[in-house]
Amino acid sequence: MDPQGRVEDFGLAAMARRRAALARERAERAEAAAERHELLAAQPGREFHAQVAQTHRRTAECHRASARLQDSFALRATAWAGGQGARPRFMAVVAEACGTGGAAMALLDSGQNQLAVAVSDERSAAAQELEYVLGEGPGQDAATGRRPVHVTGPDIGTRWPEYGPALAALGIAAVAAVPLRTRDSCVGSLTVFDPRTTGYDRLTEVAAALTGIVLLDPEADPDLYGGTDVRAVVHQAAGALSVRIGCSVDDALALIKARAFAEEVSLDTVARQIVDGDRKLT
Amino acid sequence: MTPEQRLADAFVALAGSTADGPLDVPETLTVLAHRAPVLLGTRAAAVQFAPAGHDTALVVGSDPQVFHLEHEAAGRREGPGHECRRTGAGVPWAQAALDSGPVRQRWPHYAPKALRLGYTQVVALPLREHTGTSGALVLLSGAERAFSPATLGLGRSLADFTAVILERAREADRSRTLTAQLEQALTGRVVIEQAKGILATRRAVTPDGAFDLLRKYARAHQRSVRDVARDVVEGRSDLDRTDPAR
């Protein structure tokens with residue numbers, strides 16, 4: 001394997017441990033604030049402090065969840081640096097915390113377009129790509145509606161006529177998704193495949209922690225330790241194709257998606273062929 | 001309106017429920033300064049606000065004369081508002097009779113000016129956020145007696161509630177800024193990849209070669225790679241072939 005990568009990964013584990021410690025410090029500060037407001041709430045006429053205390057308690061729980069994710073990632077990074085298994089993916093830790101084997105995060109722009117994705121494993125990558133290619137699916141619905149989505153079995157095909165059958169072909173029988181929310185907007189979605197538990201509590205808690213980790217924390221890392229993908233080759237291919245056939249970049253991207261879906265190959269495969277000049281796609 | 005109604009009304013105004021959306025920071029401070037005298041039966045009120053990292057305090061007053069008094073005091077770093085803001089709750093000077101000797105000594109500019117304006121009593125109540133004191137609510141009266149415990153209790157509630165609202169307003173501001181920055185950063189990365197594909201095809205170079213062209217052009221024209229890439233994608237630029245920097 002790549003010795004350089006191993007060395008870098010020792011740094012990765014240390015970084016995750018440091019972030020876990022910072023998250024725990026934030027949790028402690030929020031707990032202290034909650035206690036202060038709980039004391040104030042006991043005085044007559046100051047009942048609103050009880051609500052404020054509750055907000056701080058929720059914030060503290062979110063930071064605790066964040067610390068647990070970072071700790072789990074640090075363990076995996078340490079094992080990998082010691083020569084065990086594949087390079088760890090942060091989303092694998094997220095999937096585990098949600099009680100499932102597969103999870104995908106999508107970061108969206110204000111027009112709900114996918115800007116970047118991160119996945120726990122190859123099957124989740126394929127499932128997430130279906131949503132990108134077909135323009136329908138649970139992550140998109142969760143982000144647009146700003147509420148959780150959970151669909152199982154034949155209902156998946158009813159709700160999303162194209163996405164449903166394609167997802168079933170990957171051997172996935174249930175999906176759940178929650179928005180990644182900030183105070184007044186939504187920056188993306190977290191989707192899990194074949195969740196073993198029902199109910200959104202755990203998923204919502206992990207999504208809140210993930211929103212902190214990629215956006216809101218002082219040491220936020222939208223790259224998720226190098227796991228976030230902007231689909232570079234696909235966008236290069238869209239640029240290249242737009243020149244070759246004289247259309248907009250957006251139309252070229254739509255063509256690439258359509259071709260990948262029709263041929264049942266990955267976007268990367270089609271994109272690579274275009275960039276390498278092996279395919280005209282006209 | 002009964003006193004209870006006035007109080008409820010003030011809390012609703014502070015929470016921003018009457019407007020279309022939450023109030024921003026200056027609006028919240030203005031509501032607090034204007035409602036406080038009516039609710040608490042004081043002659044005037046002012047707010048000094050300077051959260052961590054802000055050196056200059058934002059000052060709002062219930063009327064122009066109290067605004068000038070507190071604005072000047074904040075500038076001189078003198079007076080009850082400044083001290084309360086800097087030291088948080090429980091300062092000995094939190095409540096003071098302005099004509100007492102020690103007070104005149106402590107605030108040589110503030111005390112005489114406040115007395116000239118007809119104020120005799122002053123108290124400063126901290127705006128406490130969970131990271132520390134971010135400001136102070138200053139109440140002034142022309143009465144001979146000190147503020148009643150009921151007035152101070154209600155004033156503290158009002159200040160505490162406002163501090164929570166302010167903290168939320170600033171958190172929302174911060175998350176909006178971060179969201180916009182993330183979107184801009186990711187969109188920029190996408191646009192650069194698109195421009196690499198366009199240039200690679202036009203010039204028959206590799207994507208890495210195309211990035212090199214973008215980078216050199218950007219440097220020669222003192223622009224960001226992202227802006228140059230956007231021009232390429234939107235058809236505004238073909239990176240002038242005669243450019244010597246190429």
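Each residue in region B:186-203 was checked for being modelled with pLDDT of 95 or more, more than 7 Å from chain A (Cβ to nearest Cβ) and open to solvent by 20 Å² or more (accessible area, probe 1.4 Å), and 1 of them qualify.
On the stretch given as region A:39-56, residues that are in a helix (DSSP H, G or I) and open to solvent by less than 80 Å² (accessible area, probe 1.4 Å) total 9.
Put simply, of A:Asp251, A:Asp217, A:Asp221, A:Asp229 the only residue that is surrounded by fewer than 16 Cβ atoms within 10 Å (Cβ to Cβ) and either more than 22 Å from A:Tyr132 (Cα to Cα) or within 13 Å of another protein chain (Cβ to nearest Cβ) (or both) is A:Asp251. For region B:204-216, the set of residues classified as buried (at least 19 other Cβ atoms within 10 Å of the Cβ) and either closer than 14 Å to A:Asp276 by Cα or within 40 Å of the chain's Cα centre (by Cα) (or both) consists of B:Pro207, B:Ala210, B:Leu214, listed by residue number. The set of residues in region B:142-185 that are within 8 Å of chain A (Cβ to nearest Cβ), under 30 Å from B:Val122 (Cβ atoms) and open to solvent by 20 Å² or more (accessible area, probe 1.4 Å) comprises B:Gly153, B:Leu154, B:Phe161, B:Arg168.
What's the total number of residues in region B:157-181 that are more than 17 Å from B:Ala13 (Cα to Cα) and at pLDDT below 90?
Of region B:157-181, the ones more than 17 Å from B:Ala13 (Cα to Cα) are B:170-181.
In the following step, the residues that additionally are at pLDDT below 90 were identified as B:170-174.
The total comes to 5.
Residues that are under 17 Å from A:Leu216 (Cα atoms) and at the interface with chain B (Cβ under 10 Å from one of its Cβ atoms) within region A:14-55 comprise A:Arg29, A:Ala30, A:Thr55, listed in sequence order.
Looking only at residues of region A:96-140 that are within 14 Å of chain B (Cβ to nearest Cβ) and touching a Leu at 6+ places or on another chain (Cβ under 7 Å), we find that the one that is farthest from A:Tyr225 (Cα to Cα) is A:Asp109.
Restricted to strands (runs of 3 or more DSSP E) entirely inside region B:26-98, those with at least 1 residues that are open to solvent by 30 Å² or more (accessible area, probe 1.4 Å) are B:58-61, B:95-97. Can you confirm whether region A:99-108 contains a residue that is within 14 Å of the chain's Cα centre (by Cα), modelled with pLDDT of 95 or more and farther than 28 Å from B:Glu171 by Cα? Within region A:99-108, one or more residues are within 14 Å of the chain's Cα centre (by Cα), modelled with pLDDT of 95 or more and farther than 28 Å from B:Glu171 by Cα. Among the residues of region A:194-210, those that are touching a residue at least 24 places away in the same chain (Cβ under 8 Å) and more than 12 Å from the chain's Cα centre (by Cα) comprise A:Asp194, A:Pro195, A:Arg196, A:Thr197, A:Thr198, A:Tyr200, A:Arg202, A:Thr204, A:Glu205. When A:Ala168 is tested against (1) closer than 28 Å to A:His63 by Cα; (2) in contact (Cβ under 8 Å) with a residue 12 or more places away in the chain; (3) surrounded by fewer than 16 Cβ atoms within 10 Å (Cβ to Cβ), just one condition goes unmet, and that condition is (1).
The values are calculated or read from the model by the stated rules, or taken from the named source; none is laboratory data. Since the structure is predicted, the reported quantities are computational estimates derived from the model, not experimental observations. Note that we place each Cβ from the backbone using ideal geometry, even for glycine, and neighbour counts take in every protein chain shown. Heavy atoms of the whole protein, side chains included, go into the accessibility calculation; ligands, DNA and RNA do not. Shrake-Rupley method; radii C 1.70, N 1.55, O 1.52, S 1.80 Å.
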